[in-house]
Amino acid sequence: MATSLYDIPLNTIDGQPAQLADYRGKVLLVVNVASKCGLTPQYEGLEQLYRAKHDAGLEVLGFPANDFKGQEPGSDAEIQQFCQLTYDVSFPMFSKIEVTGAQTHPLYRALIAAQPESVGEAAMRQQLVGYGIEPNPAPGVVWNFEKFLLGRDGEVIARFAPNTKPDDAGLLAAIERALAA
């Protein structure tokens, strides 16, 4: 990779320029989120995880995306208000991006390239097919709430399927290992 994940330009949900470099030295859990998805209640677990592990060095970073069945139709301001009022989200949120297709944000292109497979992906794909939904082709992000775990060095160390809940034992163990490293 020519540039590090830290150097990719981003915008916070309130329009301020940002980069992952702003979180250098932290363990990052990067999640593509949506307000009108069956998995949206994961916001609650993500917030609990953030509050429990933030002082130890974990940052949960939310990236709204409207890529899957139009489940994030709102503006950044509407998304921010929904997250704060419904789930009391205090972890950093970013401006809405695309995580699939030709317009995939450079951050997600780099994350996917670094970790092409996610833990639990096959079961999630089967679940989507069961709902009559054609899953996004591998190695792309499967659905809302896919999770990329980055170590303190900014390298992707794990990727978890969307149906991996924030209190999943495997996810928590990976976060603990990353925090201890």
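The values are calculated or read from the model by the stated rules, or taken from the named source; none is laboratory data. Treat the numbers as computed from the prediction; the structure is a model and nothing was measured. Positions of Cβ are backbone-derived with ideal geometry, glycine not excepted, and every protein chain shown enters the neighbour counts.
For the stretch 11-34, a residue qualifies if it is in contact (Cβ under 8 Å) with a residue 60 or more places away in the chain, in a loop (DSSP other than H, G, I, E, B) and not small (Gly, Ala, Ser), and the qualifying residues are Ile13, Asp14, Arg24, Lys26. Taking the stretch 142-164 as the range and being crowded, with 17+ Cβ neighbours inside 10 Å and out of contact with any strand residue (DSSP E or B) (no Cβ under 9 Å at 6 or more places or on another chain) as the test, the residues that pass are Val142, Asn163. Would you check if there is a residue in the stretch 25-46 being exposed (fewer than 14 other Cβ atoms within 10 Å of the Cβ) and among the charged types (D, E, K, R)? No - not one qualifying residue is present in the stretch 25-46. Taking the conditions (1) out of contact with any Gly (no Cβ under 9 Å at 6 or more places or on another chain); (2) touching a residue at least 60 places away in the same chain (Cβ under 8 Å); (3) within 16 Å of Arg159 (Cβ to Cβ); (4) outside any strand (DSSP E or B) in turn, Val99 satisfies each one other than (1). Looking at the stretch 119-129, can you tell me whether even one residue there is out of contact with any Cys (no Cβ under 7 Å at 6 or more places or on another chain) and in a loop (DSSP other than H, G, I, E, B)? Yes - at least one qualifying residue is present in the stretch 119-129.
Looking across the stretch 97-112 at every residue that is more than 17 Å from Leu149 (Cα to Cα) and of a type in the set (A, V, I, L, M), the one that is modelled with the highest pLDDT is identified as Ile97. Would you call Gly151 touching a helix residue (DSSP H, G or I) at 6+ places or on another chain (Cβ under 8 Å) and not hydrophobic (A, V, I, L, M, F, W, C)? It is true that Gly151 is touching a helix residue (DSSP H, G or I) at 6+ places or on another chain (Cβ under 8 Å) and not hydrophobic (A, V, I, L, M, F, W, C). Which residues, taken from the stretch 133-152, are at pLDDT 95 or above and either of a type outside the set (A, V, I, L, M, F, W, C) or part of a strand (DSSP E or B) (or both)? Passing the criteria: Pro139, Gly140, Asn144, Glu146, Lys147, Phe148, Leu149, Leu150, Gly151, Arg152.
Whenever a residue of the stretch 36-62 is more than 14 Å from Tyr23 (Cα to Cα) and of a type in the set (Asp, Glu), it has no partner that is modelled with pLDDT under 95 and assigned to a helix (DSSP H, G or I) lying with C-beta atoms less than 7 angstrom away and at least six residues away or across chains. Could you list all residues from the stretch 10-23 that are touching a strand residue (DSSP E or B) at 6+ places or on another chain (Cβ under 7 Å) and either surrounded by fewer than 11 Cβ atoms within 10 Å (Cβ to Cβ) or under 21 Å from Cys83 (Cβ atoms) (or both)? If the condition is that a residue be touching a strand residue (DSSP E or B) at 6+ places or on another chain (Cβ under 7 Å) and either surrounded by fewer than 11 Cβ atoms within 10 Å (Cβ to Cβ) or under 21 Å from Cys83 (Cβ atoms) (or both), then Leu10, Asn11, Thr12, Ile13, Pro17, Ala18, Leu20, Tyr23 are the ones that fit. In this structure, Ala56 does satisfy being among the aliphatic types (A, V, I, L, M), in contact with a helix residue (DSSP H, G or I) (Cβ under 7 Å, 6 or more places away or on another chain) and loosely packed, with under 14 Cβ neighbours inside 10 Å.
Scanning the stretch 102-114 for residues that are outside any helix (DSSP H, G or I) and either surrounded by fewer than 18 Cβ atoms within 10 Å (Cβ to Cβ) or among the basic types (Lys, Arg) (or both) yields Ala102, Gln103.
Regarding Arg125, is this residue more than 24 Å from Gly57 (Cβ to Cβ) and not polar (S, T, N, Q)? In short, yes.
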